[in-house]
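Take a look at the structure below.
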Amino acid sequence: MILNAYNDTTDIDARYRGGDNSKTVSKPATTLFGVFAGACSVYGNTPIDVVKTRMQGLEAKKYKNTINCAYQILKTEGLFAFYKGTVPRLCRVCLDVALTFTLYDSIMEYANKLWKT
């Protein structure tokens, strides 16, 4: 999910620049695209993680199966219960992914200059 979001945003950036893929994406843009990719990952995966955590927790016996767990959460706590814990995770993952992609691009740029590929 992270790589798809990152690749899609860099493709949009390339189209915005006239379809020229030979130009490198700027460091601030790479960082911003990493933040966006991290946010997509968090909002896409958090509901699954909430259900998984409930199924592994101390009160797991009150659910028949995973589908029943998701249904009970929705029925008793509402839709937003699937996004409990999103803010701290969002901060951590966005920073992590932004740094990862920025460092990766910087290292690859340096390596390409070093070995002139």
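The values are calculated or read from the model by the stated rules, or taken from the named source; none is laboratory data. Since we're looking at a predicted model, the values are computed, not measured. Note that we place each Cβ from the backbone using ideal geometry, even for glycine, and neighbour counts take in every protein chain shown.
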Residue among A37, A29 that alone is closer than 26 Å to D96 by Cα, small (G, A, S) and touching a residue at least 40 places away in the same chain (Cβ under 8 Å): A37
Those helices (runs of 4 or more DSSP H) lying entirely in segment 12-117 with at least 1 residues out of contact with any Phe, Trp or Tyr (no Cβ under 8 Å at 6 or more places or on another chain), surrounded by 15 or more Cβ atoms within 10 Å (Cβ to Cβ) and modelled with pLDDT under 95: 27-56, 86-115
Total residues in segment 67-117, condition within 11 Å of V50 (Cβ to Cβ) and of a type in the set (S, T, N, Q): 1
